[in-house]
Amino acid sequence: MKERMITHRKYFSIVTMMVVLLFMFMFTQVAKENISGYTINAYAAEKPVSGGGRWMPRQGGSGPGTEGEPSVEDGGFILLFGDKESAVGNIVQQWCLYTKRELVTRGSVAGYAPESGKLPEMVLVDSAVVDYGRDLKTLTGLADRGIHLVFCTLPDVSVIRAQRDLRKLLGIQYVRADEVEVEGVHLFEDFFLGGSYMYIVASEEDEKRQDLDLTMPWYVTLTGTKTYMVGMLNEVLRDEVAKNEYFPGIIWRNSYGEAMVFAVNGDYMSDLTGIGILSAIVYETKDYDIYPIINAQNLVITDYPNFSDENTQVIEDVYSRTPRVVQQDIFWPTLLSVLRRGGWKLTSFITPQYDYQDEIEPVADNLVFYLQQFKEAGAEAGISLRHGEEVSLPEKARRDGEFYRSLDNDYIYSAAYIKTEEFSELEGLADVEFTENLRTITCEYDPEDHLVFYYSDGVTGQGIVSDARLQTYTENVRLRSLETALGYCNVKIDMHDVLWPESDDTHWERVYESVASNLDTWWKPFGSFTKTTLTQSDTRLRTFLNLDYATGREKDRVRLEVEGLEGEAWFLLRTHGEGVAEITGAECQEVERDAYLLRVTEPQVEIQLEKNRGILKYTMSRD
């Protein structure tokens, strides 16, 4: 057979093609590493708004915690009969701050006599400070003047049983039982966003979620009251009743002349759920309501990735891989699938190391890999300030700063995570250069503090309210409440337990299964709100805390005026059977029936309402 020879021309062409292909692949990788901008945190590019312009209650008697008469000449303030330092008082103060309402608190009802020109918009009652034998006449008198009452807590069942006029005010027909064990709780639609839901145990998984208080007094409400939440009876008791009015009431409304009287049977007003309850109650008292929200859905991962091969033996025993490999090849791909499926924008709180005494140092190349991954996924890197007992917070920050600076890149770490019990240590970071770019800090919500707040004029605080691994029924009621009041959630996946596993429940396959299922299920009704990184959420939070607003209606036209608008602000409009026909000064999107998300870009907004026919004339651009 005759040998075939490659001509010089063909040989040159082949070599040229190989060189071109090699150059193309090399150039692609170089471009990915150098042109993609992974060393820049795009979310921290703009200078944040200062907290120096935050909204504050007016002084002179109308601020939170003030005893005595308000100085607000035109009324419109909230009056709380209760202790401002109590759990209920804290929730009321937060709600008033977020909705820009003046608050007056009185430690008792005795001696209160409102002046006609200084009537409150609404009166909130914590029964702990009320002597119903003496004070009932005053409360009834307020309702007679058309002032809405909210009983944040109820008196002992014996007091309600003994006082007929109190039962009439509350809308209670009679007390069927001092105590009843219910099977579950039914939350009806059109109160919180997210629709109705029955919190019952129908499976083994439900057993893990059920943590609601199922023991309560059984109040049978009057015909004509409107019920928002009831206890669900077992089969025997259920056969005896046919209407919701006869089920044990948890939250309901009674009409008393021109006033509405709301009652909360239980301790729901003692935690963050109370913020949404108050927003939903105000909505029920009006033909429409419009109020500011944050509009931020945050997903944060704590202590991931870790850049040192710590706890190697345990990790290899569980996953048959080194810590570095298991984090890159197992944890990250599965996390990425969760992000893409739900549209989440992750904030990952990275840590060079956790144990500062084991002489295992972090590897810089690991950080480069993750910064590239975060850039492609639309995520951001924050810093974890969680530390062990062997190192102080300032020392950890100093040593971590040396590691990050060794990469010689310009990435700005603007968000940080810290454990709640370590929050007081933040003052020690004032002289640590590494933390100078921090603008927002997140930690688990402290019931004695506010959910979102200014830590200083330059730094905000954002509370974590959910653990993605287990969404209990109490947490889900709270979730619906906070989405209704603030359009806000901050969900945590704690990877510290996964990297330092102490039981099978903290192994990644189980954690991932729970996280993926929960995120795909419980947050689905709130898909209209924006998924954000924590720095993006911080930008929205600052505008939310700084702005003030006023609203009014003439016939079918609603007018909204906003002060302190920085770029854009977000509001929620809730109506009763009306839709948005036209809008100027803002964009609008339907969240669910009778609920609309407004992206306000002008200080004056006009909304034309009409009988609800669905979304026809407007859309909203998404970030």
Check your understanding: Given (1) 246; (2) 232; (3) 275 as candidate values of volume of the Cα convex hull per residue in Å³, which corresponds to the one derived from the coordinates?
Key -> (2)
Exercise for review: For segment 117-126, take each phi angle, set θ = phi - 60°, evaluate the Karplus expression 6.51 cos²θ - 1.76 cosθ + 1.60, and give the result in whole Hz per residue in order, putting x for glycine and proline.
Suggested key: x, 10, 7, x, 5, 7, 10, 9, 10, 9
Review point. Ordered by residue, what ³J(HN,Hα) values in Hz, to whole numbers, does segment 426-439 give under the Karplus form 6.51 cos²θ - 1.76 cosθ + 1.60, where θ = phi - 60° and Gly and Pro are x?
Key: 4, 4, x, 8, 4, 9, 8, 4, 4, 9, 5, 8, 5, 10
Revision key, fill the gap. Given backbone amide H placed at 1.01 Å from N, residues whose amide H is under 5 Å from that of D303, ignoring those fewer than 5 places away on the same chain, are F349
Practice item. Would you pull out the residues with amide H under 5 Å of I250's amide H, same chain only if 5 or more places away, H placed 1.01 Å from N? Key: M229, V230, G231
Revision key, fill the gap. Full extension between A550 and N612 adds, at 0.36 nm per residue less the Cα distance, a length in nm of 19.9 nm
Check your understanding: What ³J(HN,Hα) values, in whole Hz, does the Karplus curve 6.51 cos²θ - 1.76 cosθ + 1.60 give for segment 574-584 when θ = phi - 60°, with x put for Gly and Pro?
Key -> 10, 10, 10, x, 10, x, 8, 8, 9, 8, 10
Review point. How big is D, in µm² s⁻¹, for segment 502-556 by Stokes-Einstein at 10 °C and 1.306 mPa s if Rh is the Kirkwood radius over C-alpha pairs?
Key: 103 µm²/s
Exercise for review: Would you kindly calculate the mean projected area, averaged across all directions, of the convex hull enclosing the Cα atoms of segment 254-331, in square nanometres?
Suggested key: 10.0 nm²
Review point. Where the centroid of each part is defined by its Cα atoms, how far is segment 253-292 from segment 323-337 in Å?
Key: 45 Å
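What is the sum of charges around E602, taking Lys and Arg as +1, Asp and Glu as -1, for the other residues whose C-beta is under 11 Å from the C-beta of E602?
Values: positive: R599; negative: E561, E568, E587, E606.
Cβ neighbours under 11 Å give a net charge of -3.
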Review point. Taking the radius of gyration and the Kirkwood hydrodynamic radius from Cα positions alone, what is the Rg/Rh ratio for segment 325-443, to two decimal places?
Key: 0.96
**Study point:** Mean Kyte hydropathy of 0.5 or more with a Cα span along the axis of at least 24 Å, helices from DSSP in the chain
**Key:** 8-34
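Carbon and sulfur: what percent of segment 148-192's accessible surface (1.4 Å probe)?
Of all accessible area on segment 148-192, carbon and sulfur atoms account for 40 percent.
Over the chain, what is the relative contact order in percent, taking alpha-carbon pairs closer than 8 angstrom and at least six residues apart?
Numbers: 1213 pairs, mean separation 87.1, N = 623.
Dividing the mean separation by the residue count of the chain yields 14 percent.
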Point to revise | Per residue value of the accessible surface for the chain (all protein chains in place, 1.4 Å probe), Å² | key: 44 Å²
Exercise for review: Note the full-extension length gain between L222 and A45 as 0.36 nm times their separation in residues minus their Cα-Cα distance, in nm to one decimal.
Suggested key: 57.9 nm
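Using a 1.4 Å probe on the protein chains only, how many percent of the accessible area of segment 264-342 belongs to carbon and sulfur?
Numbers: 1040 of 2270 Å².
The value for segment 264-342 is 46 percent carbon and sulfur by accessible area.
Could you tell me what percent of the accessible area of segment 414-517 is made up of carbon and sulfur, with a 1.4 Å probe and every protein chain present?
Details: 1650 of 3800 Å².
Ligands and nucleic acids excluded, carbon and sulfur give 43 percent.
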Exercise for review: Starting from the Cα of R321, step 7 Å along the direction of its Cβ; do the same at Q372; then give the gap between the two resulting points in nm.
Suggested key: 1.7 nm
Review point. Just for the chain, what percent of DSSP beta bridges are antiparallel, to the closest 5?
Key: 60 percent
Review point. What is the sum of charges around I418, taking Lys and Arg as +1, Asp and Glu as -1, for the other residues whose C-beta is under 10 Å from the C-beta of I418?
Key: -2
Check your understanding: Going from the alpha-carbon gyration tensor of segment 349-407, what semi-axes, largest first and in whole Å, does one get by taking the root of 5 times each eigenvalue?
Key -> 22, 12, 10
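Can you compute the helix-only [θ] at 222 nm over the chain? Use -39500 (n - 2.57) per DSSP H run of at least 4 residues, normalise by all residues, nearest 500 deg cm²/dmol.
-9000 deg cm²/dmol
Which GluC sites (Glu not before Pro) in segment 306-393 pass both tests, a DSSP loop state and at most 16 other beta-carbon atoms within 10 Å? It would help to have the intermediate numbers written out before the result.
Values: sites: E310, E316, E359, E376, E380, E389, E390; in loops: E310, E359, E389, E390.
For GluC sites (Glu not before Pro) across segment 306-393 that sit outside H, G, I, E and B with at most 16 neighbouring Cβ atoms in 10 Å, the list reads E359, E389, E390.
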Revision key, fill the gap. Under the 7 Å Cα-to-Cβ spin-label approximation, S503 and T215 lie apart by a distance in nanometres of 2.5 nm
**Study point:** Exceeding the 26 Å Cα-Cα cut-off - candidates K84/K396; K47/K375; K118/K226
**Key:** K84/K396; K118/K226
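Once the other residues with Cβ under 11 Å from the Cβ of E390 are scored (Lys, Arg +1; Asp, Glu -1), what is the net sum?
Numbers: positive: K396; negative: D355, D358, E389, E395.
Value of the local net charge: -3.
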Practice item. Would you give the gap between the C-alpha center of segment 529-578 and the C-alpha center of segment 444-479, rounded to a whole Å? Key: 21 Å
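The values are calculated or read from the model by the stated rules, or taken from the named source; none is laboratory data. This one's a predicted model, so the numbers in the text were calculated from it and none came from an experiment. Cβ atoms come from the backbone with ideal geometry, glycine included; neighbour counts cover every protein chain shown. Side chains included, ligands, DNA and RNA excluded: accessible areas come from the protein's heavy atoms. Shrake-Rupley method; radii C 1.70, N 1.55, O 1.52, S 1.80 Å.
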